[in-house]
Amino acid sequence: MRHNSSILIPVFVGLMSMFFWTCDTQKEMRSSEANILSFSIEQGGEEVTGLINSSRNDIRLEIPHEWNIEALAPTVEVSAYANVSPASGEEKNFTKEVYYTVTAENGDEKQYTVYVTQQAAPQEIALQGMVLPELYQEGSIEGTEVSFSLPYGTALDAVKIKLDLSNGVVATPSSGSTVDLSAPLTLVLEKEGQVKEYTVKATSASTQEVGVRGVWLTNVASDALISQSTIDNAVNRIADYGFNTIFVVTYNKSNTLHPSTVMQETVGYPTPASVTFYRDDFDRLAYLIEKAHARDLKVIAWFEYGFASHYEGQPSPILNKHPDWASEQLNTYSLNGVTQNITRKNNFYWLNGFHPEVQQFMHDLILEVVNNYEVDGIQGDDRLPAMPINGGYDAFTKRLYKEETGKEVPTSDAETHWKQWRADKLSDFGEWVYKDVKEADPNCLVTWSPSPRGWSLDNYLQDWEEWLRRGIVDVVSPQLYRKEEQGLGAYTSLLKGDLDVLAPYSKHYYPGILTRVGDYIPSDEYLVNLVRYNRKQGVQGEVWFFYEALWSKRKVFPAIYPAPAKFPENL
């Protein structure tokens, strides 16, 4: 049977048209909705619902601070017949934004950006710090206990406190209060209904400390030695501030604190009183010793100028009487129009510390005090035993060097053998003084206060390590004079270096600290830190330069030394 193609073609086209019409109609009938209707997160019975912004297609939530933002499983509700990726209930890390894609029934897609933030943790009510400002002490906080360890003799019954608190915290007792810490104190903190209690405990050392706590008392930039009343005031202040030793100037500027026959005969003055600082018959040294001993203070006679003759511009009665006692240097200079070669360093002019007559003078000046006064010791400083490195070029010393070594004196004053030969001569002098002092009074201390180790040898021929090795020093107080502006490390490095090298002799070591020179006065905190470092290193005392700084430090010294230390025995 034959088919008519002209009829079949129209029928086929019609059927196909009906098929495609049906498909398009079915697609148009599928949902195009691709929305997130709700977005929530639930943990521990608490639910947070997100804020959906349809215009920006983003969702924002803030969750509690204790939730783990790195592992959240949101519940996501979307339009009917739509699905979402990531799926509802799928755990995600929300530390940064997460993208959710919703696919409608008809295949259309919409992307949402989800941002999750976390509430700040509520500030815990806590004590952030506690200090006792008048005692320069900071408390150690462990849990809810605050502890203070204080020096022996610290009074605890009326102590001012200072608290470091977070915002809004109220304390009872309040910061700035004076409290009794002789027994544990309960400190109560409150904030917005929260209450937290701390127990504050303060203890002072139970045994008296042992060490030298000294101060230099001078007639320069000070009126403390002028009269009986000024001496009384000085002695009482020194004792009240917790010191146990006075290093009193006994010789400087070719004068003495006491009437001295040795000094009178050396310079040719008419009477012993005429060589005293104040040119009168009042024996200030004897009076000071009497008053100091009544307050349990040791007195050390300090021979400040040592082998130095005079400072520039001062009279020079010793050299006027004994010009052959002058030390000489290689280089000449003009002084008042006259060419000179007297050894000069830092504006001081020097006697020849290698000359036997000069040594005998200084030896006798010291022994005169030891034999005639109840001093507890004597002291030389950075000028005794000492000589500038540029000294020793006088005829006597050059001849002595040639006799002992067979060599000529080097032109370089820093030549190693020449430097050590002179340093040894000064050490020999120190040994002579030490032995004769002990013979005169076995209980009389021989103390030295040289320049810092190393520098002292290179500049003033003071080999005080050798003095310790020879056993000719009871107390050594190197002048570790470093200013606050140089930083704490400038001091601590010197002290630590000494202790590392001089460990076998540590019982003799009590460093000198600078508290005033000219207009310089360091802060209380700096001085406290120096003392704390000393104690940390096992150094139980120090000597302070000088007395006139005490009044400006009237708060810090009673805190550092709340009770006098016991003076060490068997030095």
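Values as computed for the structure displayed
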| read-out | value |
| --- | --- |
| Percent antiparallel among DSSP beta bridges (both partners in the chain, rounded to 5) | 55 |
| Expected-Rg normalisation [2.2 N^0.38 Å, Cα atoms] applied to region 460-504 | 1.31 |
| Angle between the chain longest axis and helix 5-29 axis [Cα atoms, degrees, rounded to 10] | 40 |
| The chain: radius of gyration and largest Cα-Cα distance (Dmax), Å | 43.3, 171 |
| Peptides 330-339, 149-158 ordered by average Cβ neighbours within 10 Å, highest first | 149-158, 330-339 |
| Eligible lysines near LYS291 by straight Cα distance, threshold 22 Å, same-chain separation 8 or greater | LYS566 |
| Theoretical gain in end-to-end length, VAL528 to SER334 [0.36 nm per residue, Cα-Cα removed] | 65.2 nm |
| Highest to lowest packing among 89-95, 454-460, 351-357, scored as the average C-beta count within 10 Å | 351-357, 454-460, 89-95 |
| Antiparallel bridge percentage (DSSP; both residues within region 181-331; nearest 5) | 45 |
| Kirkwood-based Rg to Rh ratio, region 30-92, C-alpha trace | 1.00 |
| Helix 395-405 axis, angle to the chain major axis (alpha carbon atoms, nearest 10°) | 80 |
| All lysines inside 29 Å of LYS162 as judged from Cα atoms, apart from same-chain residues fewer than 8 positions distant | LYS191, LYS196, LYS201, LYS483, LYS536, LYS553, LYS555 |
| At R0 = 35 Å, FRET efficiency that the Cβ-Cβ distance of SER40 and ASP108 yields, to 0.05 | 0.90 |
| Candidates per GluC sites (Glu not before Pro) in region 407-458, loop by DSSP, up to 13 other Cβ within 10 Å | GLU408, GLU415 |
| Region 178-284: trypsin sites (Lys or Arg not before Pro) in DSSP loop, at most 15 other beta carbons within 10 Å | ARG279 |
| Per-selection metrics, region 86-168 (Cα): Rg and Dmax in Å | 27.9, 90 |
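Bear in mind that the values in this text are calculations on the coordinates, not laboratory data. Just so we're clear, the structure is a prediction, and the values are computed from it rather than from any experiment. Here Cβ is always computed from backbone atoms with ideal geometry, including for glycine, and neighbour counts include all displayed protein chains.
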